Amino acid sequence: MSNSEKTSWRKWIREPFYFIAGEKALFLGLGAMLLSATVSVFSNAHFDGTLDLHIGIPAPWWVFMAESVISWLSVMVPFYILSVLLSKSKVRFIDIAGTTAFARIPLLLGTLLALLPPLQQKPLLITDPLVLFCSFLLFPPLVWTLRLLYQSMVVSANLKGFKAGLGYLLGLIIAEIASKSLIHYFLSPYLIP
């Protein structure tokens, strides 16, 4: 593999929105959410917030899908509004929708990791060294998602520097509050044992 191929592959992993956005990114992101919801039926991995992944109680497939969609919409809407307010460029709704959906793809790894036997034991003993190790394996997909969400705003809204950081942080704070509130309001009857 040549250096230019390695560089382009690395750039694709770190900054995919220079290569894919809009409808294609939205399609792939929604597909990953469908797959995550399906895996979550077996792993009981709940996205009970924008960036929260917890192993919980069994639930119907549609609850896992609703959690993913609520979490995605809770990021996408504030990111779009903040992008429009902060950017001098024309911001396309489909680009923000697609890139924020695509940014959730690494979280699929989290639902797969949640299938690991130490994370499926009941009760889940956080002091168990094997459980701690498996829990730390969930950290890289979260960091990758955070990076992709930042890239989503930077590329889709053509933001840089302070405006990019401000929009990103405000968007994440709003998203976390909105997702936690919406999931609690609409889905708590299905999540409480």
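The values are calculated or read from the model by the stated rules, or taken from the named source; none is laboratory data. Owing to the predicted nature of the structure, the values given are computational and were not obtained by experimental measurement. Using ideal geometry, Cβ is built from the backbone for each residue, glycine included, and neighbour counts are taken over all protein chains shown. Note: accessible area is taken over every heavy atom of the protein model, side chains too, but ligands, DNA and RNA are not part of it. Shrake-Rupley method; radii C 1.70, N 1.55, O 1.52, S 1.80 Å.
Annotation note: Cβ proximity below 8 Å between a residue of region 37-57 that is within 14 Å of Leu142 (Cβ to Cβ) and small (Gly, Ala, Ser) and a residue that is open to solvent by 40 Å² or more (accessible area, probe 1.4 Å) and in a helix (DSSP H, G or I) (sequence gap 6+ or interchain) occurs for Gly49/Glu176; Gly49/Lys180. So Val63 ticks every box in (1) farther than 17 Å from Leu112 by Cβ; (2) open to solvent by less than 50 Å² (accessible area, probe 1.4 Å); (3) within 13 Å of the chain's Cα centre (by Cα) but one. Which box is left unticked? Only one criterion in (1) farther than 17 Å from Leu112 by Cβ; (2) open to solvent by less than 50 Å² (accessible area, probe 1.4 Å); (3) within 13 Å of the chain's Cα centre (by Cα) is unmet by Val63, namely (3).
Pairs under 7 Å by beta carbon, first residue more than 10 Å from Trp72 (Cα to Cα) and modelled with pLDDT of 95 or more in region 98-113, partner of a type in the set (S, T, N, Q) and open to solvent by 10 Å² or more (accessible area, probe 1.4 Å), six or more apart or different chains? Here the result reads Thr99/Ser156, each pair linking region 98-113 to a residue that is of a type in the set (S, T, N, Q) and open to solvent by 10 Å² or more (accessible area, probe 1.4 Å). If you go through region 138-172 and keep only what is more than 21 Å from Leu53 (Cβ to Cβ) and basic (Lys, Arg), you end up with Lys160, Lys163.
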